[in-house]
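Engineer: Just passing along the structure, written as structure tokens.
What follows draws every value from the coordinates through simple rules; no lab data is involved. Nothing here was measured: the structure is a model prediction, and the numbers come from that model. For neighbour counting, all protein chains shown are included, and Cβ atoms are generated from backbone atoms with ideal geometry for every residue, glycine included.
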Amino acid sequence: MPIYQTTFAVNAPAPRVWAALTAVDRYPEWNPQIPRLHGSLRPGEQIALQLALPGRPPMDLTATIEDARPDALLTWRGHVLAAWFFEGYRRFEIEPVAPGRVRVTHVEDVHGLLAPLFDMVLGRRVQASHDALNAALKARAEAAP
């Protein structure tokens with residue numbers, strides 16, 4: 001099943017990256033892939049988000065927060081109709097590598113009956129969208145005071 005994974009360096013401390021990633025009310029200002037997210041980022045809580053892929057109409061989705069460890073890890077999982085049909089798992093992992101510098105790993109794992117078709121039709125757009133989100137998160141965290 002398709003897994004979109006990127007790792008990138010951010011010249012900012014983990015708390016600043018975490019603050020940018022979890023200030024969901026500010027997503028419209030900087031997040032090109034998820035321009036809207038509502039809900040609490042606490043394990044077990046449901047969130048509502050809008051997914052915007054290049055060249056496609058935005059999709060409104062729901063997901064459940066699985067893990068939220070400040071300055072370290074945010075994960076959620078959501079599905080369309082049922083997990084066996086199409087499910088996505090998203091992970092943002094923040095790992096300090098030097099003072100004032102972190103490595104962020106961003107993963108989206110999609111699976112289910114529809115996943116191969118999703119990858120075939122939208123795979124390049126998904127990766128381009130991930131790259132745009134990553135660049136925007138990096139810029140946001142590095143520019144923060």
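Engineer: Treating only the Cβ atoms of Lys and Arg (+1) and Asp and Glu (-1) as charged, compute the dipole magnitude of segment 1-83 about its Cα centre; round to the nearest 20 debye.
Structural biologist: For segment 1-83, the charge dipole is close to 100 debye.
Engineer: At 0.36 nm per residue, and after removing the present C-alpha to C-alpha distance, how many nm does the segment from Asp109 to Asn11 gain when stretched out fully? Working shown, then result.
Structural biologist: Details: separation 98, 0.36 × 98 = 35.28 nm, distance 2.63 nm.
Between Asp109 and Asn11, full extension yields 32.6 nm more.
Engineer: Would you mind calculating the gained length between Glu66 and Val80 on full extension (0.36 nm times residue separation, minus the Cα-Cα distance), in nm to one decimal?
Structural biologist: 3.3 nm
Engineer: Report D for the chain in µm² per second (integer): Stokes-Einstein, Kirkwood Rh on Cα pairs, 25 °C, 0.890 mPa s.
Structural biologist: 159 µm²/s
Engineer: While we're looking at this one, here's another question. Determine ³J(HN,Hα), in whole Hz, for all residues of segment 52-67 in sequence, where each value follows from phi through the Karplus function 6.51 cos²θ - 1.76 cosθ + 1.60 and θ = phi - 60°; x replaces Gly and Pro.
Structural biologist: 10, 9, x, x, 10, x, x, 10, 8, 9, 10, 8, 10, 5, 9, 8
Engineer: Let me ask you something else. With a sphere of radius 15 Å drawn around the Cβ of Phe92, what net charge do the other residues whose Cβ falls strictly inside it have (Lys, Arg +1; Asp, Glu -1)? Write down the numbers at each step before the final one.
Structural biologist: Working: positive: Arg16, Arg69, Arg77, Arg90, Arg91, Arg103, Lys138, Arg140; negative: Glu66, Asp67, Asp71, Glu93, Glu95, Glu108, Asp109, Asp131.
With Lys, Arg at +1 and Asp, Glu at -1, the net is 0.
Engineer: Classify segment 1-73: rounded, prolate or oblate, from the alpha-carbon gyration tensor (a ≥ b ≥ c, eigenvalue square roots; a/c under 1.5 rounded; otherwise prolate if a/b is larger than b/c)?
Structural biologist: In terms of gyration-tensor shape, rounded.
Engineer: Would you please name the GluC sites (Glu not before Pro) within segment 24-128 that are DSSP coil residues with at most 15 other C-beta atoms within 10 Å of their C-beta? Walk me through the numbers on the way to the answer.
Structural biologist: Working: sites: Glu29, Glu45, Glu66, Glu87, Glu93, Glu108; in loops: Glu45.
Counting only loop positions with at most 15 other Cβ atoms within 10 Å, the GluC sites (Glu not before Pro) in segment 24-128 are Glu45.
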